[in-house]
Amino acid sequence: MKSAVTTVIASADASGRFPTISDIESVKGSFDRANARLEAAEKLAVHIDRFTSEALDYVYGKQSYEQANKDKCSRDIHHYLRLINYCLVTGGTGPLDEWGIAGMREIIRAQQLPTIAYIESFSYIRDNLNIPNDMGQQAAAEFKTLLDYLINALA
């Protein structure tokens with residue numbers, strides 16, 4: 001699984017070199033943000049059901065999508081948020097990359113679910129995060145970065 005450390009080591013190894021100073025600084029930066037990531041992971045775990053239901057209510061409340069798909073969409077949004085939680089803990093995008101983006105995108109297409117509904121849901125969560133009630137400023141920044149990463153990958 002990719003983390004900040006494994007990414008740096010794999011990159012250096014693939015290039016046949018030792019990690020550079022900038023590689024080490026990027027790992028240090030990841031460690032420096034660890035407390036904020038862990039706060040975000042903790043708060044996401046507490047609020048995951050609410051985030052999922054509010055996003056679904058927003059997206060499906062517009063009546064733009066078939067209501068029959070709402071349960072599948074709920075399941076998938078919850079799954080993606082759990083993967084983001086894992087990313088916050090590991091400090092890398094590995095869980096999303098390995099278990100979420102490629103595989104889930106194909107499942108979404110195979111089940112003929114509207115990808116844009118997922119993008120709208122994650123955008124809603126990102127844009128309506130209540131700071132400081134849901135989580136602190138730095139934790140929210142870490143969470144939003146991963147939401148943006150997922151939104152861009154699904155687009």
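Based on this model, can you work out whether Ala140 counts as within 24 Å of Glu42 (Cβ to Cβ), in contact with a helix residue (DSSP H, G or I) (Cβ under 8 Å, 6 or more places away or on another chain) and assigned by TED's automatic domain parsing to the domain that holds Gln67? Yes. Provide a single number: the residues in the range 124-138 that are part of a helix (DSSP H, G or I) and touching a Leu at 6+ places or on another chain (Cβ under 8 Å). Count: 2. Of everything listed in (1) of a type outside the set (Lys, Arg); (2) in a helix (DSSP H, G or I); (3) more than 23 Å from Gln138 (Cβ to Cβ), the single unmet condition for Ser64 is (2). Scanning the range 79-90 for residues that are farther than 17 Å from Met135 by Cβ and either crowded, with 22+ Cβ neighbours inside 10 Å or not hydroxyl-bearing (Ser, Thr, Tyr) (or both) yields His79, Tyr80, Leu83.
The values are calculated or read from the model by the stated rules, or taken from the named source; none is laboratory data. Predicted model, so just to flag it, every value in this text is computed and none were measured. Note that each Cβ is placed from the backbone with ideal geometry, even for glycine, and that neighbours are counted across all protein chains shown.
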